1. Over the Cα atoms of region 89-138, what radius of gyration and what Dmax do you get, in Å?
2. Of the listed values [x] 53, 39, 31; [y] 46, 46, 31; [z] 68, 39, 38, identify the label whose number matches Cα extents along the principal axes in Å calculated from this model.
3. I'd like the Karplus ³J(HN,Hα) series for region 158-174: coefficients 6.51, -1.76, 1.60, θ = phi - 60°, whole numbers in Hz, and an x wherever there's a Gly or Pro.
4. Counting other beta carbons within 10 Å of each Cβ, put SER76, SER197 in order, fewest first.
5. What are the ³J(HN,Hα) values, in whole Hz, obtained from phi via the Karplus relation 6.51 cos²θ - 1.76 cosθ + 1.60 with θ = phi - 60°, for each residue of region 210-217 in sequence order, with x given for Gly and Pro?
6. Just how large is the dipole of region 19-159 about the Cα centre, in debye to the nearest 20, putting +1 at every Lys and Arg Cβ and -1 at every Asp and Glu Cβ?
7. Between beta-carbons, use under 12 Å as the cut-off and find the net charge around LYS174, counting Lys and Arg +1, Asp and Glu -1.
8. What base-10 log of the normalised intensity I(q)/I(0) is obtained for region 161-216 from the Debye formula, alpha carbons as equal point scatterers, at q = 0.15 Å⁻¹?
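Each reported figure results from applying straightforward, stated rules to the coordinates on display, with no laboratory input. The structure displayed is predicted, hence computed values, not measured ones. Note that we place each Cβ from the backbone using ideal geometry, even for glycine, and neighbour counts take in every protein chain shown.
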Amino acid sequence: MAADRSRADSLRWMAQGTVIFFGALAELPDDLLDQPAALDGWSGKHLLAHVAANADALVNLAHWARTGEERPMYSSPAQRDADIEAGATRPAAELRAWAAQAAETLDARLAELDEQQWTHAVRTAQGRTVPAEEIPWMRAREVMVHAVDLGAGVEFDDLPADFLAALIDDITAKRSGAAGPALALTATDHGRMWTVSGDGDPAPVTGTLAGLAAYLSGRRPGDGQWPELPRWL
């Protein structure tokens, strides 16, 4: 866990993100869920199925942390994708109910963890071994960013500034360990700077916290001004 990101922070952002996501979802009529979402190849139903399935997957990690019984997020990447595709064919009302119930169940399972269980190692869908304390951060990231992807009026500017700073911390660390351009990022509204190690001399990237988070997460193209980035997750 990032040194300046506590479990309390992550639980708070998870709760805030859940409210933001479901508030945005409530503004989206059922027929618009059939329309393309901000993510290539996905409709709003795909996105909602993904968010619902993500909560179920994180419940698996909470079970692993609580009991010691290994329970991966997904049985395989192929099964994860197949479940999203199948979920996207369900009626909108079923999808909404699934997403809400899964979120409530995740809250309940995390509330059961004691201090020792929060330290137990679990494995993410990307194969990283992390303490269970990462689970609420992983969920906060999902509901916050996908609230924007819903296209129901939520933008990165609407997300909490401290969450955006933590998101940039997270993404710059991940991008520094992968292929891509070197970057030198400056937030004009936060007094923070970040670097991403990579190919070539660091390209200067200056913007608001919201603008930097949108760019680094692949939600804002470089448009010739900033380097184009490979996928983040």
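1. Here Rg and the maximum Cα pair distance are 14.0, 41 Å.
2. Label [y] holds the value from this structure.
3. Whole-Hz 3J(HN,Hα) from phi for region 158-174: 7, 8, x, 4, 5, 5, 4, 4, 5, 5, 5, 3, 5, 5, 5, 5, 5.
4. Listing SER76, SER197 from fewest to most nearby Cβ atoms yields SER76, SER197.
5. Couplings: 4, x, 5, 5, 4, 5, 5, 8 Hz.
6. 400 debye
7. +2
8. Taking Cα atoms of region 161-216 as identical point scatterers yields -0.35.
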